[in-house]
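Written below as structure tokens is the structure these notes are about.
The values are calculated or read from the model by the stated rules, or taken from the named source; none is laboratory data. These numbers were taken from a predicted model, which means no experiment stands behind them. Neighbour counts are summed over all protein chains in view; Cβ atoms, including those assigned to glycine, are modelled from backbone coordinates with ideal geometry. For accessibility, only protein heavy atoms count, side chains too; no ligands or nucleic acids. Shrake-Rupley method; radii C 1.70, N 1.55, O 1.52, S 1.80 Å.
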Amino acid sequence: MFVPAGLHPPRAERRQLDQIARAGADVFEIGLAHHDASLDGPVIQAAYRRALSRGNVLARALRAVEHAAGLRPTVVMTYWDPVSRHGPEHLARLFADAGAVGAMVVDLPDHQAQRWQAAAKDANLHTPRLVPRQIDDTGLATVAAGASGWLYAPASTAPTGYRGPLDVPSLADFTTRLRAASPLPVVSGVGISTPALAARVAPLVDAVVIGTPVVRALMTAPERASASTATFAGALNPHATTETRA
């Protein structure tokens, strides 16, 4: 489950994370707010703006990671700009010390990949990689060789929050390419806007990430976030509705 850090005061945020975990989230992805979230849609961009307006973005994110990591395995989702500003080695160590098991830089530049992977490895962090759908075989081999934890296959080529139909056969072909290139698990998210779509995508991958539907609830009616989580959990695990794959 993707949750942007810093949307609410710390006590409320901890309570929300507790509720989302109880509702079925098996893994947390904690988003570090960024002012230029170019791969994200309006809902997550608005969430990041709210978090940024509260200040102390990194400190708030580390507190969220620390609490989430006490509940479920936790990965940080970030853009390269904050990593570059704080220093890859320093930030990787901060994430690891807070309890994160990994960190995914969604727009990791090719020329910085080796440095980031070395910094994360030194901190004992996994480095999942988001793999663009249009990547060629050479690029895929390079990305797969430097990834650890999992490969992230977007279900849609649109920004996060896309609510239209998904080309499931195209996604199936893409996940086949990823599995041929790497033994790492394949995770999917982006555009999985309904429980029915989650159920269609789930057989193709090892885990499904739900983001915008729960973030929308956290932004407008936080008390509904756990119910949204539970609905997706039920679709992903119809025989064990208290759990979800991501």
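Residues that are assigned to a helix (DSSP H, G or I) and either small (Gly, Ala, Ser) or touching a residue at least 40 places away in the same chain (Cβ under 8 Å) (or both) within region 84-102 comprise Ser84, Ala92, Ala96, Ala98, listed in sequence order.
For region 18-50, what are the residues that are surrounded by fewer than 24 Cβ atoms within 10 Å (Cβ to Cβ), in a helix (DSSP H, G or I) and among the aliphatic types (A, V, I, L, M)? Listed by number, the residues that qualify are Ala21, Ala23, Val43, Ala46.
For region 69-104, the tally of residues that are polar (S, T, N, Q) and either open to solvent by 50 Å² or more (accessible area, probe 1.4 Å) or more than 30 Å from Gln19 (Cβ to Cβ) (or both) stands at 1.
Filtering region 116-147 to residues that are among the aliphatic types (A, V, I, L, M), over 19 Å from Phe174 (Cα atoms) and open to solvent by less than 30 Å² (accessible area, probe 1.4 Å) leaves Ala119, Ala120, Ala123, Leu125. Residues in region 11-27: is at least one more than 20 Å from Asp81 (Cα to Cα) and free of Cβ contacts under 8 Å to residues at least 40 places away in the same chain? There is at least one residue in region 11-27 that is more than 20 Å from Asp81 (Cα to Cα) and free of Cβ contacts under 8 Å to residues at least 40 places away in the same chain. Among the residues of region 205-229, the one identified as among the small types (Gly, Ala, Ser), open to solvent by less than 40 Å² (accessible area, probe 1.4 Å) and over 18 Å from the mean Cα position of the chain (by Cα) is Ala221. Looking across region 146-169, the residues that are in a helix (DSSP H, G or I) and touching a residue at least 24 places away in the same chain (Cβ under 8 Å) come down to Gly146, Val168.
Put simply, of Ala202, Ala113 the only residue that is open to solvent by less than 20 Å² (accessible area, probe 1.4 Å) and closer than 24 Å to Arg93 by Cβ is Ala113. Of Leu178, Leu197, all but one fail to be open to solvent by less than 10 Å² (accessible area, probe 1.4 Å), in contact (Cβ under 8 Å) with a residue 24 or more places away in the chain and more than 17 Å from the chain's Cα centre (by Cα); the exception is Leu178. Of all the residues in region 157-171, those that are within 17 Å of Leu140 (Cα to Cα) and crowded, with 16+ Cβ neighbours inside 10 Å number 1.
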